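Here the structure is laid out as structure tokens; the discussion comes afterwards.
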Amino acid sequence: METIVQPKWYAVYTRPRWEKKVAELMTDKKIENYCPLNKVVRQWSDRKKIVHEPLFTSYVFVRTMEKQLYEACKISGVINVVYWLSKPAVIRDEEIECIKNFLSDHKNVKLEKCSVNINDTVRVTKGPLMEYEGNVIAVKSTSVKISLPSLGYMMIAEVEKANVEVVKSNSSVKQHIHH
């Protein structure tokens, strides 16, 4: 039986402040890409404004076959592919989805470097994140954290107190969330 090779997500490292430009150039070349943009509230003396800044500085995600990856590297502004254990690092589809959903739900998202064991499984039973079994690390009274194990980061967002309810954890009760 032949296995069908599917394109996977990889990360490329860009020149500083070239993330949006690189994403644009890739789109022009019909290379599927994703540059996560964080909605950041900037305060000026006379007004507040939301600006869109890359969440991961100097990174753009590319969805392609490994053998086509070098095409993406030819794009100006791209320095190299992000490697893990001497192979191009593969980012799980679920993590890309998770970043997209998280950024559409929250603004002023912060990143925190972390070492997360990929086998740690946690579960959120309520709220917009309930389907993210295995990704959410902690829901505090005012913030929510999501782990991105293949990137070695946590995404953290402040949430409105009204949108959070305390879920008593009871380790003896196993609940399964169906997708």
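The values are calculated or read from the model by the stated rules, or taken from the named source; none is laboratory data. Quick caveat, the model's predicted, so the values are computed rather than measured. Don't worry about glycine lacking a Cβ; one is built from the backbone with ideal geometry, like all the others, and counts go over all protein chains shown.
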Look at the stretch 9-36 and say how many of its residues are touching a helix residue (DSSP H, G or I) at 6+ places or on another chain (Cβ under 7 Å) and touching a residue at least 60 places away in the same chain (Cβ under 8 Å).
-> 6
The number of residues in the stretch 54-70 that are under 23 Å from Arg17 (Cβ atoms) and either of a type in the set (Ser, Thr, Tyr) or in the same structural domain as Met155 (by TED's automatic domain parsing) (or both) is 3
For the stretch 35-67, the count of residues that are surrounded by fewer than 17 Cβ atoms within 10 Å (Cβ to Cβ) and within 19 Å of Leu111 (Cβ to Cβ) equals 10
Does Val51 qualify as being touching a residue at least 40 places away in the same chain (Cβ under 8 Å) and not assigned by TED's automatic domain parsing to the domain that holds Gly152?
-> no
For residues in the stretch 37-48 being in contact (Cβ under 8 Å) with a residue 40 or more places away in the chain and of a type outside the set (A, V, I, L, M, F, W, C), which is nearest to Ile91 (Cα to Cα)?
-> Asn38
Taking strands (runs of 3 or more DSSP E) that fall entirely within the stretch 8-124, which contain at least 2 residues that are more than 19 Å from the chain's Cα centre (by Cα)?
-> 37-43, 48-54, 78-81
